[in-house]
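Please treat every number below as a calculation from the coordinates, not as lab data. Given the structure is predicted, the values throughout are model-derived calculations rather than measurements. In this analysis, Cβ positions are derived from the backbone assuming ideal geometry, glycine residues included, and neighbour counts consider all displayed protein chains.
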Amino acid sequence: MNRIDAAFGAGNGPLLVACTVAGDPSPDESRAVIRALIDAGADMLELIVPATNTVADGPVICRAHERAIAAGCGLNTVFSLIQEIRTYSEIPIVLMTYANPVVVMGEERFCAELAHAGGDGLLVVDMPPEEVSVPDTEIDRIFIIAPSTPVSRIEKIAASGGGFLYLVSAPGVTGRRAHLPGDLGRRIDIAKEVSRLPVAVGFGIGSPDTAYEAVAAGADAVIVGSAISWAIEDQRGDPAKAVAAVVKSIKAGIGPVRTPRSSGQ
Amino acid sequence: MTPGRFGIYGGCYAPEILLSPLEDLCLSYAAFREDEQAMDELSLLLSRYAGRETPLYRCRNLGKETGVSICLKREDLLHGGAHKINNTLGQALLAEKSGKKRLIAETGAGQHGVATAMAGAVLGLQVEVFMGSLDMQRQAQNVARMELLGATVTPVSTGSGTLSDAVDEALRNWAATAQDSHYLIGSCVGPHPFPEIVRDFQSVIGRELSIQSVSQHGRLPDAVVACVGGGSNAIGTFSPLINDSVRLVGAEAGGVGSDPGSHGASLCSGTPGILHGAFTSVLQDDEGQISFTHSISAGLDYPGVGPEHAFLRDAGRVEYMTVSDSEAIAAFRLLSRTEGIIPALESAHAVAAALRLADDMESGSMIAVTLSGRGDKDLATVLEAGL
């Protein structure tokens, strides 16, 4: 069983996937940020490869991409960061990237390098299953389901993917929202009806309330990205401390002892 | 060839959230092409609103010393001053027939933004244009025109503040608003089906050129030249001529040198990669990071190119060459003084390439150049370079 399956199968309740742009705000500080995310209780890491053209990301994560690139973080640095994490943690690691670095290196070699570094999953934001040319590797290919994705396509995506289904909470790009849409539970139910894969909800999870709304709607995991990037941007003095606070706060939102709150519409 | 592919190039590398709108667009475009009434309506708009057909003008003076005839396909005479209106009227009508209420567009030099604002105004659609903040400074007059035409111009200050960043922002906006908005992409770039749609709407240039050349000169030109940024005027010019024995030449932005960041020559210097949804020839580093670009012409300042151009380059059907900023400015001045036509700086690249070709062609040869737009918008830039 790989690390992603093991994490979902451990019976620890909904997972928190902490997402950060690798190398943000600098490779050194990013090391400390990642360590802090793990120590604060993240169940899985999603590391984003810094990129120049980021069409699926909102302004907060875009600025994180720009900081990481300005600090000189490239793909080799990202793989090094993963290798370094593996010296002290077995946390599942999903690499999120835009398609270009993957096709420039070659999909097969990219997946092999990622596996060699210690990665477990690969989410290529702008590479739908139809454009994947190397589907079978030891790396789980993770795909996104959008609010506009029809059921027939969810089946196809589920059949092509591994690890978990990444369900986007609402139309648009990454970013925090006050509440998640009211139809989220129905969409999670549909995904679970057509797939054996766990469902992780992302885009819009940035507070204990939204995290709670997602797990109350049936999510097996919540993915927190913009809130972490914002913490890094807002607390440049000690980004590690700031991101730890975000993880602890959101972890509390999905904790089993949390008092139920009304689901936002 | 699979749908959306030009050889190995093209495809649909888009976030999942855009796939459903793209699939809807494929279906609505297929229906639109079969809709005779819609085609008639487009024809009327192109002729009576935009000013087609545009003349094929044989230069009286340019090229005289080489003995080569240079003809200009006068897209600069269209309403708005550029070929862009062919595409924007087509896509805006497609959007209207598909029930969309709003157009999203990106613009570099401002010509596409202006053409989208015009198409939106005439068809009663809301328009929001995303434009790099640097381009807004370079093309302040076009910003004012768009606003006068009722469009909202939204500055994009991420990245280099140029066209590439504006495309990103337009795609982001479309991801959130696709239900009632059509993304009216300005060139033959982007995920399938955009490269095909834009090529089809622009191919009126090459069809007319072909007919006019035969009727006026009794034959097709020996060579046809067009400038290539994203490549829409070039693919519109070339595509109807692909199966004819005509030399086809694309002129790219050579900028101020061959170092990364100093030019915009995606076909001459790029490598295979993905930009804005298509696998094509891209200016990038070894790890796939997109390079900054430079061109004196905002419309050519783009690190990618339409995927069909990459295919035509590999197939050896179209030759692509670079033209430097200074060569383009020299051609800008020359055409103004010899023919009384002030070309867009983009088009000046094509004129410069044609003059280079003319030097090596036999006397009596004929070159047709697509003059993609007029140069009023570029006067300040050229004045700055010293007239």
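What to note about this one:
- Of all lysines in the structure, those lying under 26 Å Cα to Cα from B:Lys101, and not within fewer than 8 positions of it along the same chain, are B:Lys84.
- In chain A, helical runs assigned H by DSSP with n ≥ 4 each contribute -39500 (n - 2.57); averaged across all residues and rounded to the nearest 500, the mean residue ellipticity at 222 nm is -13000 deg cm²/dmol.
- The stretch A:80-141: chymotrypsin sites (Phe, Trp or Tyr not before Pro) in DSSP coil with no more than 15 other Cβ atoms inside 10 Å: A:Tyr88
- Put simply, the C-alpha atoms of the stretch A:22-103 give a gyration tensor, and the ellipsoid matching it has half-axes of 20, 13, 13 Å, longest first.
- Couplings for the stretch A:182-197, taken from phi via the Karplus curve 6.51 cos²θ - 1.76 cosθ + 1.60 with θ = phi - 60°, read x, 8, 4, x, 5, 5, 5, 4, 4, 4, 6, 5, 9, 9, 8, 6 Hz in order; Gly and Pro are left as x.
- Spatially, the stretch B:141-172 and the stretch B:16-82 are offset by 23 Å when compared through their Cα centroids.
- Cut-off 11 Å between beta-carbons: net charge of the residues surrounding A:Val124, Lys and Arg +1, Asp and Glu -1: -3
- Once the Cβ-Cβ distance of B:Arg33 and B:Ile8 is raised to the sixth power relative to R0 = 35 Å, the FRET efficiency obtained is 0.85.
- Relative pair counts by distance (%), Cα atoms of chain A, 10 Å bins: 7, 33, 40, 18, 2
- Counting charges near B:Arg5 (Lys, Arg +1; Asp, Glu -1) among other residues having Cβ under 15 Å from its Cβ returns a value of -4.
- Taking all Cα-Cα distances within the stretch A:127-220, those exceeding 18 Å account for 43%.
- Relative contact order, percent, the stretch B:37-159 [alpha-carbon distance under 8 Å, six or more residues apart]: 18
- Excluding same-chain neighbours fewer than eight residues apart, the aspartates and glutamates reachable from A:Lys156 by a Cα-Cα span under 17 Å are A:Asp126, A:Glu130, A:Glu131, A:Asp136, A:Asp140, A:Asp189, A:Glu193, B:Glu16, B:Glu23.
- Gain in span if fully extended, B:Ala144 to B:Ser326, counting 0.36 nm per residue against the direct Cα distance: 62.7 nm
- In this label model, B:Ser43 and A:Glu84 are separated by 6.7 nm, measuring between points 7 Å along each Cα→Cβ vector.
- What separates the Cα centres of the stretch B:281-314 and the stretch B:327-387 is a distance of 22 Å.
- In sequence order, the stretch B:196-206 has phi-based couplings of 6, 4, 5, 4, 4, 5, 8, 5, 4, 5, x Hz under the Karplus curve 6.51 cos²θ - 1.76 cosθ + 1.60, θ = phi - 60°, and Gly or Pro positions carry x.
- Of A:Ile145, A:Gly185, A:Ser226, farthest towards positive along the dipole that unit charges on Lys, Arg, Asp, Glu beta carbons give the stretch A:144-234: A:Ile145
- Where labels lie 7 Å past Cα in the beta-carbon direction, separation of B:Leu379 and A:Ala245 in nm: 5.6
- Mean separation of Cα contacts under 8 Å (6+ apart) over length of chain B, as relative contact order %: 20
- Ranked packing of B:355-362, B:72-79, most packed first, by mean Cβ within 10 Å: B:72-79, B:355-362
- In a reduced charge model with +1 at each Lys and Arg Cβ and -1 at each Asp and Glu Cβ, chain B shows a dipole moment near 1020 debye about its Cα centre.
- Kirkwood Rh in Å, taken over all unlike Cα pairs in the stretch B:54-100: 12.9
- Within the stretch B:1-130, percent of DSSP bridges classed antiparallel, to nearest 5: 50
- Excluding same-chain neighbours fewer than eight residues apart, the aspartates and glutamates reachable from B:Lys64 by a Cα-Cα span under 20 Å are B:Asp222, B:Glu327, B:Glu339, B:Asp359, B:Asp360, B:Glu362.
- Cleavage-rule hits (GluC sites (Glu not before Pro)) in the stretch A:54-97: DSSP loop, at most 16 neighbouring Cβ within 10 angstrom: A:Glu90
- When Rg and the Kirkwood Rh are both derived from Cα coordinates, the Rg/Rh ratio for the stretch B:194-277 amounts to 1.05.
- Relative to the globular-protein estimate of 2.2 N^0.38 Å, the Cα radius of gyration of the protein assembly as shown stands at 1.00.
- Overall Cα dimensions of the stretch B:1-126, principal axis frame, Å, largest first: 56, 39, 31
- Label-to-label distance, nm, for residues given as B:Thr271 and A:Asp28 (7 Å Cα→Cβ offset): 3.0
- Across q = 0.16 Å⁻¹, the stretch B:100-169 modelled as identical point scatterers on its alpha-carbon atoms has Debye log10 I(q)/I(0) values of -0.43, in the order of the q list.
- Farthest positive-ward along the protein assembly as shown dipole, Cα basis, beta-carbon charges - from B:Leu44, A:Val33, B:Ala234: B:Leu44
- Beyond 26 Å in Cα-Cα separation lie the following of the pairs A:Lys192/A:Lys251; B:Lys100/B:Lys377; A:Lys192/B:Lys97: B:Lys100/B:Lys377; A:Lys192/B:Lys97.
- Local charge for B:Gly63 was computed over the other residues whose Cβ lies under 13 Å away, with Lys and Arg +1 and Asp and Glu -1, and equals -2.
- Pairs of alpha carbons in the stretch A:55-170 whose separation is greater than 21 Å (percent): 42
- Inverting the pair-averaged 1/r between distinct Cα atoms of the stretch B:282-381 gives 15.1 Å as its Kirkwood hydrodynamic radius.
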